[in-house]
Amino acid sequence: MPTWHHGLVADWWAFYNTDGPEIAYFGEYIADGQPALDAGCGTGRLLVPWLEAGYDVDGSDVSQDMLAHCRERARAAGSEPTLVAQPLHELTMPRRYRTIVVCGVFGLGTTWEQDVQAIGRLFDALEPGGMLLLDNEAPYSDSDQWLLWTAEARARLPEPVKPRLERRAAPDGTERGMRSRVLASDPLDQTITLEIVADLWRDGELVATEARPLTAALVSRSADQGHAGGSRLRADRGPRGLRFRATDGRHEVPHLPRPKAGHGLTVRRAAPRPTRATRCRS
């Protein structure tokens, strides 16, 4: 499946998506477990601050364009990290890791089968006793997106293209714009197809427009065993495979007490080579 993390969209991520609470949140785990891998590192939003903190971190991403920005930013910070251009379901890194972070990328532009393969690849990339951290945003935490699962809302798709409104100054002297819309929603497959339209102005003149689609997986209550809202998952590598646990207090399971931050709870077990029955979406 195609992704939108290329060209003008990669530029946008590099110019404007440069911080966030995930840097410190996942950084605490990396501080305690190195070497680490930022799987889906993009333009280095998380990876470069971790390098600046002195952590031993590699990166991987499906987009060469994203990695080019990441490498440039890392060099500006005085680092030369190992960066590999690979999708998660084809991940083959030169070493194993004590900690792997998959933040905001799992299930983007892939199929269910590829995501199952990705869990196996991530497992293989862990050291014995290593830890895998994933984040997940349940679809019903976004009321507008949740409505798209109804037949009435799906009948109105695709959404019309939004007009060009906002321009933002970029570090390279150009101006950039970004618009998005929903193209399709499939509640049975638990996916939503989006489109990003990126615009580039140079000296006040519109010189380029790129439209890129992306299919994203959405984990419903039946798929994620009843967890509500956004959450972060932790997986520890053991002799029986990956043990997935929640790591923050926003994770809730019916009939079980709310976990305290960092204490976790078991939400799923995966075999060393997961099958479709053990798929984990995030």
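Rule-based calculations on the coordinates, nothing more; no lab input. The shown structure was predicted, so the numbers you read here are calculated from the model rather than taken from an experiment. Every residue, glycine as well, gets a Cβ built from its backbone with ideal geometry; the counts of neighbours run over all protein chains shown.
Side notes on the structure shown:
- Potential lengthening of the chain between residue 114 and residue 180 amounts to 21.2 nm, from the contour at 0.36 nm per residue minus the alpha-carbon distance.
- Rounded to the nearest 20 debye, the dipole magnitude of segment 1-112 is 180 debye, with +1 charges on Lys and Arg beta carbons, -1 on Asp and Glu beta carbons, and the Cα centre as origin.
- Rounded to whole numbers, the Karplus 3J(HN,Hα) couplings from phi for segment 143-149 are 4, 5, 5, 4, 5, 5, 7 Hz, using 6.51 cos²θ - 1.76 cosθ + 1.60 with θ = phi - 60°, and x at Gly and Pro.
- Relative contact order (%) - segment 140-217, alpha-carbon pairs under 8 angstrom, separation at least six: 22 percent
- Convex hull volume per residue, computed on the Cα atoms of segment 41-90, equals 60 Å³.
- Net charge, residue 201 excluded, C-beta distance under 13 Å - Lys, Arg +1, Asp, Glu -1: -2
- In the calculated pair-distance distribution of segment 140-217, the portion above 21 angstrom amounts to 39 percent of the Cα-Cα pairs.
- Computed extension length for residue 64-residue 156: 29.6 nm, one decimal, from 0.36 nm per residue of separation with the Cα-Cα distance subtracted.
- Over segment 1-116: Kirkwood hydrodynamic radius from C-alpha pairwise inverse distances, Å: 14.1 Å
- Kirkwood estimate for segment 105-189, i.e. one over the average of 1/r between Cα atoms, Å: 16.9 Å
- Hydrodynamic radius by Kirkwood, which averages 1/r over all alpha carbon pairs of segment 59-153, in angstrom: 15.4 Å
- Selection among 141, 165, 183 by position relative to the dipole of segment 140-217 gives 165 as farthest towards the positive end (Cβ unit charges, Cα centre).
- Unit Cα scatterers, Debye sum, segment 106-148: log10 I(q)/I(0) for q = 0.15, 0.32 Å⁻¹: -0.54, -1.09
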